[in-house]
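**Q** Shown below is the structure under consideration.
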Amino acid sequence: MSALRRYFRPEQVRELVLVFLIIVLALFFGTQIRDYYTGRTFIRISTSVAIIVVVAMGETLVVLTRNIDISVGSIVGFTAYFVGTQLARHNDIAPLVAVLMAIGIGAAMGLLNGILVAYGKVPSILVTLGTLAIYRGILVNYSGAKTVVANSLPQWVINLSSMNIFSIGELDFRLLVGLALAVVVFFQLMLTYLPYGRRLYAIGCNPDAARVAGFPSQRIVLVAFVLCGALCGLAGFMYLARFSNITVVAAQGMEMSVLAAVVVGGVSIFGGSGTVIGALLGATMIGLLEQSLIRWLVISEFWRRALLGLLILLAVEGDAAIMNRLRKLWARSELQMAPKQENQ
Amino acid sequence: MARSATSPAGGRNLLLGAWERLKSWEGLLLGVLVVIVIINSLQAPAYLSIRNQTNLFQLFIEKIIVALIMTFILINGEIDLSVASVMGLAASTLGRLYELGVPIEAAFLIGLAVGIACGLLNGFMIAYAGLPSLVVTLAGMIGYRGLAYILLEDRFIGNYPEWFSRLGQQPLIGPFPLALVIFFVLLVGAIIVLQYSAFGRYVYVIGNSREVARYSGVKVRRVKMALFIVSGLVAALAGLLYAARLGSVRGSVAEGFELDIITMVLMGGVNMYGGAGSLYGVLLSILIILNLRNGMSLINLTGHVQTGVIGVLLILSVLAPNLARNIQATLNRRRMRHLAGTLSEAQESP
């Protein structure tokens, strides 16, 4: 037991438990759903996870600073719809321009959130509850009750969702999945090695101490919201590539899956603690659950939301009760180990 | 979201200052209300008739009823995002039970009990497990709505007994339907409890500083628990009244109502961090939102756009006082600097 303690931190124990749960879930659904272990299931789940995880990265940055962004669903929907209509109107827009347009629009929406939170000093929950409605309202007004249909999009967008990077046996890794993994690796490195990443943790841990230490807190929070918006924009583009048919209610309610992914992945809602790997695992679990529930015939897919709510509550409750106890256990064992080492 | 209890020196001055600020905020609300009403009545001549105004209230009566208890919770320094989902869950429970052949009276009571159960769960997590209300009720908002969807999936449940539908639609006393009567009773009760009772004082004290309240012997946990249970009960009641008014129930009943409800309360001058605010301000802001929504319908704005406008109001109602305070602070600082400058000049010159 003590050897175990030496090699793992409590946070890693949680991540291991998540991996274990994901495997259990996959095995369970394998017995319940016919033809579950096929390439198609893998593609479906991995693409769904890819979109959730990109948004979850952005949400992680915001939650680390002790804020929250619940407008993500509206930003994803807006960018998907807006870029979709632009591509439908001008079929000759270059792919890179389309992606940059999506990221830029998302970043602009994140900028508004960030300014209101960091400089307007309005609590983030209120700002994003408001912008959740505002962005969706603008979208509905702008759309004029039309939808984006696959026929009108240029061919490369439609092909994008079936493009492979590589395959292992039957398992195809789509380009979108690769993109999401690149995002995960980038933000893992950023949070671990770049000063900006460390400052996010510092602000979330203790905002007053961070300010006294001379960190430009407002700017750091602002940038976190802008990055979150930009990632939502990217996810919006991926959403467009995946579904091709976009209505005005696209990605409505996505904030729930994303919040569940982040919280289940161990990013503390009180700020200052959490890892990118955790968020990735959380997103994987939520994506797996959502996609499998749709095809599981025993209970209706309407269970999805109730389960998401329950998972968030359990994860937060577990964080408060179990993780604190684990951390104490670790701290105590370190105390016990200290005199032993002196004797040697 | 660091909660800072601002308490500058001088208790009496603080009280007076808060009263002045509130008075001016309420004055501003009154002005806005008058402007909206004038614009609306220019658009439609029958606007100010009692029937139209009663109709107005009736269209939003469920949200208004919940806004009353939300005022208590926000003044207490907490938030309840789950109210709309509790409304939906209570209504869906009624629909499902009625579908299974349970008499409507029993289904109504069980719907109320479900609301109390939701409030108990929220309250326990917040008051005794010590979790932030934001997270608990966010999970509740998602989870309770999910339960409502499980109960009804995508079906409509209608065809209630005639008296039940009439309850929601027909006038009961004079021109007022039952829901409106309930609202006025609750309003009077809420004003008495919040402004004139010991419990109301506890709500403010806890909102100002939880620590101070605890050391003064206020049973903080019990007050919070009571508030969330009542919130669940009132939300369930509102949900059931909504079902009676609509005449049919589905899983998505009252979805998104929390935005309007919280906006009503915050725009009424209730402090997001607790400790300040009054029901009079909330009442004014309710009237503003009712008339504004009605006016927006008059000029044919769709529901999503209306919700967007409410979102703008929500942000502005917190942003505007912040900005005003910032500007005042800058002005004060400049005045002090100016004063210091003239003083030092005066000292140097002789």
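What follows draws every value from the coordinates through simple rules; no lab data is involved. This one's a predicted model, so the numbers in the text were calculated from it and none came from an experiment. Positions of Cβ are generated from backbone atoms using ideal geometry, with glycine treated the same way; all protein chains shown enter the neighbour counts.
**Q** At a 10 angstrom cut-off on C-beta neighbours, averaged per residue, how do the peptides B:117-129, B:178-190 rank from highest to lowest?
**A** By packing density, highest mean first, the sequence is B:117-129, B:178-190.
**Q** Sticking with this structure for a sec: Which of the peptides B:207-216, A:205-214, A:266-275, B:132-141 is most tightly packed, and how do the rest follow, going by the mean number of other Cβ atoms within 10 Å of each residue?
**A** Working: B:207-216: 16.0, A:205-214: 13.5, A:266-275: 21.7, B:132-141: 24.8.
Result, highest mean first: B:132-141, A:266-275, B:207-216, A:205-214.
**Q** Further question on the same structure: What shape does region A:1-68 take by its C-alpha gyration tensor, where a ≥ b ≥ c are the square roots of the eigenvalues and a/c under 1.5 counts as rounded, a/b above b/c as prolate, and the rest as oblate?
**A** Working: a/c = 3.37, a/b = 1.23, b/c = 2.74.
Since a/c reaches 1.5 but b/c is at least a/b, the shape of region A:1-68 is classed as oblate.
**Q** Given labels modelled 7 Å from the Cα in the Cβ direction, how far is it in nm from residue A:158 to residue B:312?
**A** The two pseudo-label positions are separated by 3.9 nm.
**Q** Using a Förster radius of 51 Å, what is the FRET efficiency between residue B:156 and residue A:201 based on their Cβ-Cβ separation? Nearest 0.05, please. Before the final figure, lay out the partial values.
**A** Values: r = 49 Å, r/R0 = 0.96.
After rounding to 0.05, the efficiency reads 0.55.
**Q** Give the peptides A:55-65, A:160-170 in descending order of average Cβ contacts within 10 Å, highest first.
**A** A:55-65, A:160-170
**Q** So for the protein assembly as shown, if I pair up every lysine 8 or more residues apart or on another chain, how many of those pairs have alpha-carbons under 30 Å apart?
**A** Going through the protein assembly as shown pair by pair, I get 10.
**Q** Under the 0.36 nm per residue contour assumption, what length would be gained going from the current alpha-carbon distance of residue A:119 and residue A:25 to full extension?
**A** 29.5 nm
**Q** Can you give the calculated 222 nm mean residue ellipticity of chain B, where each DSSP H run of n ≥ 4 adds -39,500 (n - 2.57) and the sum is split over every residue, rounded to the nearest 500 deg cm²/dmol?
**A** -26000 deg cm²/dmol
**Q** Could you work out Rg/(2.2 N^0.38 Å) for chain A, with Rg from alpha carbons only?
**A** It is 1.05.
**Q** Peptide B:128-135: average number of partner chain Cβ atoms within 10 Å per residue?
**A** 4
**Q** May I pose another question? Placing +1 on the Cβ of each Lys and Arg and -1 on the Cβ of each Asp and Glu in the protein assembly as shown, which of A:46, B:164, B:228 has its Cα farthest towards the positive end of the resulting dipole?
**A** It is B:228, whose Cα lies furthest towards the positive end.
**Q** Hey, for a label at residue B:169 modelled as a point 7 Å past Cα toward Cβ, could you say which residues of region B:50-78 have their backbone N under 20 Å away?
**A** B:51-63
**Q** Taking each residue in B:258-267, count the Cβ atoms of any other chain within 10 Å of its Cβ, then average. What number comes out?
**A** 2
**Q** Per the helix-only calculation at 222 nm, which mean residue ellipticity applies to chain A, given -39500 (n - 2.57) for every DSSP H run of n ≥ 4 and division by its residues, nearest 500 deg cm²/dmol?
**A** Numbers: 15 runs with 249 residues, N = 344.
-24000 deg cm²/dmol, from helical runs alone.
**Q** Among A:125, A:226, A:84, flag the residue with its Cα farthest along the positive direction of the charge dipole of chain A, charges on Cβ as +1 for Lys/Arg and -1 for Asp/Glu.
**A** Projecting each Cα onto the dipole axis, the largest value belongs to A:125.
**Q** Here's something else I'd like to know. With +1 assigned to the C-beta of every Lys and Arg and -1 to the C-beta of every Asp and Glu, and no other charges, what is the dipole magnitude of region B:270-350 about the Cα centre in debye, to the nearest 20?
**A** Working: 6 positive and 2 negative charges, 11 e Å.
That gives a dipole near 60 debye.
**Q** Let me ask you something else. When averaged across all projection directions, what area in nm² does the alpha-carbon convex hull of region B:222-342 cover?
**A** Details: hull surface 46.5 nm².
Convex hull of Cα atoms, orientation-averaged projection: 11.6 nm².
**Q** While we're here: For chain B, what size does the Cα cloud have along each of its three principal axes, sorted from largest down, in whole Å?
**A** Principal axes ranked by extent give 96, 54, 34 Å for the Cα atoms.
**Q** When N is the residue count of the protein assembly as shown, what does its C-alpha Rg come to as a fraction of 2.2 N^0.38 Å?
**A** 1.01
**Q** Could I ask something else about it? Per-residue mean of other chain beta-carbon atoms within 10 angstrom of the beta-carbon, peptide B:144-154? Mind dumping the intermediate values first?
**A** Values: counts 3, 6, 10, 6, 3, 7, 8, 2, 1, 4, 2.
Across the residues of B:144-154, the mean count of other-chain Cβ atoms within 10 Å is 5.
**Q** Between region A:264-321 and region B:229-289, how far is it from one alpha carbon centroid to the other, in angstrom?
**A** Between the Cα centres of region A:264-321 and region B:229-289 lies a distance of 29 Å.
**Q** Also, quick follow-up: Would you work out which of A:103, B:90, B:187 lies farthest towards the positive end of the dipole of the protein assembly as shown? Charges go on Cβ: Lys and Arg +1, Asp and Glu -1.
**A** Among A:103, B:90, B:187, the one farthest towards the positive end of the dipole of the protein assembly as shown is B:187.
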